[in-house]
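Visitor: Right, I'll just put the structure down here and ask away after.
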């Protein structure tokens, strides 16, 4: 009788564990599908921005109306201000090349490792053209909300960037 009770308890525990594991796997699959969708939305928007050189690619299809770029001098919030901020890279570098080196995410966060190359032949953030070329790598932390970009924060070697522009020695 003891063996029958132990066998019954073991079977019930196994069934319960499998059901819990199955639910956890299903939840993980849903989360993975969402992050893949978010990454695709993100990459498509930025590829379009740089490939077509159209700042209109920053729109409410992929970006939250209150999207924010976090900068050292203060946050820039709102889709128009966000678009204007990043448009500096299009006006400052007519041959801008932007490459995703790697991109991955978890939950509502995306991490992007990128490379930016170009010739500074136009005004950028109030800096007149230097006609110098730049080649920099950086990382962007991205926060998504409801399948749209809510916040970005870029990290790169600004000293190297300014040296390549010829603004520092």
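No value in this document is a laboratory result; all are computed from the given coordinates. This one's a predicted model, so the numbers in the text were calculated from it and none came from an experiment. Cβ sites come from the backbone with ideal geometry, for glycine too, and all protein chains shown count toward neighbours.
Visitor: Any idea how far apart residue 102 and residue 73 come out in nm if each label point goes 7 Å out from Cα toward Cβ?
Guide: The answer from the label model is 3.2 nm.
Visitor: If you take the beta carbon distance between residue 146 and residue 169 as r and set R0 to 45 Å, what does 1/(1 + (r/R0)^6) give as a FRET efficiency, to the nearest 0.05?
Guide: So, using R0 = 45 Å, E works out to roughly 0.45.
Visitor: Distance between the C-alpha centers of the range 38-60 and the range 92-137? Whole Å please.
Guide: 14 Å
Visitor: Please work out the Kirkwood hydrodynamic radius for the range 16-169, using every pair of different C-alpha atoms, and report it in angstroms with one decimal place.
Guide: 16.8 Å
Visitor: Using a 7 Å offset from Cα along Cα-Cβ at residue 127, what residues in the range 66-82 end up with backbone N under 15 Å from the label point?
Guide: Under 15 Å, as judged by backbone N against the label point of residue 127, lie 72-73 of the range 66-82.
Visitor: Using a simple spin-label model with points 7 Å from Cα along the Cα→Cβ vector, what separation in nm is obtained for residue 44 and residue 109?
Guide: 2.6 nm
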